[in-house]
Amino acid sequence: MQSPRLTPATALLLTLPPLLWAGNSVAGRALAGQVSPMMLNFLRWLLALALLLPLAPWVLKPASGLWRHWRRYTLLGLLGVGCYNALQYLALKTSTPLNVTLVAASTPVWMLAVGRLFYGQRIVGRQWLGTALSLLGVLVVLTRGEWSALATLRLVPGDLYVLLAALAWAVYSWQLAQPDDPPAIRGSWAAFLVAQMVFGLGWSGAFAAGEWALGQTHIELGWGVAAVLAYIAIGPAILAYRCWGLGVQQAGPAVAGFFNNLTPLFAALLSATLLGEVPHLYHGVAFVLIVGGIVVSSRR
């Protein structure tokens, strides 16, 4: 199967989610000591569902087709809602941000591997070249142009959590591209997200309950926590998932996977803005490499 050529509109759709997800990582880091990982993920999706459900309440009715296709939405909810961000929030407890972002940058590789093994996607040389260019750009950002920083990396349990998150996201993205949804749900972006959230909230709630049973749950309520929760529910959850779903449908999962590598670049830029740090030359070099990888991988 040949990868489609990117249009400017599709590229914009696939660029916005990494920007919002970069903000999500900054927000998640800020709340690390105030809200436990599984509870944070559960509250995020609970608020997102409360905001989105009024746009498509009919999804919950028996005639919508949601309950007939419960297996599909249970899987999408587990991968995209229950696991992905929960694993990242959990990883930040034992792993450094450098390790977390570096391991998450393997997502395009998992996209290609999952596509090849389970979905009949043929991998060509330019896709491997695009992967190498994008990962090189990510390394430039993470090491700030100093390759000796890689020698200090040490694997911890958090790295495994992020690796599992990347694999879950790869399978989720390929599942998005499968036309197995009822027409009414597939034709409405709000309904499609609600269908995933209904089952995903069950998964995230179960994980939060397990965290509670282990005595690991904690939450400090306040206006700051409420503001961050509102952001991660509206931006990274609703808007980002809407744009990602459209982008995957138009460009294909293999091409879309390369846009994930923009996340650490945006995270670096956001951190520079929030911390008042002046951008460096390596930011520009990394941007050229990452975008170059996307262009190479998506050419016919």
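None of the figures in this text is laboratory data; all of them are computed from the coordinates on show. Quick caveat: nothing in here was measured; it's all calculated off a predicted structure. Backbone-built Cβ (ideal geometry, glycine too); neighbour counts: all protein chains shown.
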So what are the ³J(HN,Hα) numbers for the range 22-35, from phi and the Karplus equation (6.51, -1.76, 1.60; θ = phi - 60°), rounded to whole Hz, Gly and Pro as x?
-> 4, x, 5, 5, 5, 5, x, 5, 5, 9, 4, x, 10, 9
If Lys93, Lys61 are placed from fewest to most neighbouring beta carbons inside 10 Å, the sequence is Lys61, Lys93
So if R0 is 35 Å, what FRET efficiency would Leu246 and Ala151 give, r being the distance between their Cβ atoms, rounded to the nearest 0.05?
-> 0.30
Can you work out ³J(HN,Hα) from phi for every residue in the range 129-135, in order, using Karplus 6.51 cos²θ - 1.76 cosθ + 1.60 and θ = phi - 60°, giving whole Hz and x for Gly and Pro?
-> 5, x, 4, 4, 5, 5, 5
For a label point 7 Å along the Cα-to-beta-carbon line of His218, residues of the range 40-54 with backbone N under 15 Å = 40
Karplus (6.51, -1.76, 1.60) ³J(HN,Hα), θ = phi - 60°, over the range 194-208, in Hz, Gly and Pro reported as x | 4, 4, 6, 5, 4, 7, x, 5, x, 5, 5, x, 5, 5, 5
Taking the Cβ-Cβ separation of Ala226 and Thr273 as r and a Förster radius of 22 Å, what is the calculated FRET efficiency to the nearest 0.05?
-> 0.45
Residues Asp180 and Ala209, FRET efficiency given R0 of 45 Å [Cβ-Cβ distance, rounded to 0.05] | 0.95
Cα coordinate range in the range 145-273, projected on the principal axes (Å, largest first) | 51, 38, 29
Gain in length, Arg71 to Ala9, computed as 0.36 nm per residue apart minus the alpha-carbon separation, to one decimal in nm?
-> 19.1 nm
Any idea what the relative contact order of the chain is, in percent, if you count C-alpha pairs under 8 Å spaced at least 6 apart?
-> 43
With only Lys, Arg, Asp and Glu charged, each at its Cβ (+1 for the first two, -1 for the last two), find how big the charge dipole of the chain is about the Cα centre; round to the nearest 20 debye.
-> 780
Among Ala206, Ala237, Gln127 - extreme Cα towards positive end, dipole of the range 113-237, charges at beta-carbon | Gln127
Can you list, bin by bin at 5 Å, the percent of alpha carbon pairs in the range 182-231, starting at 0?
-> 5, 17, 12, 16, 20, 14, 8, 6, 2
What are the radius of gyration and Dmax of the chain, computed over its Cα atoms and given in Å?
-> 18.7, 59
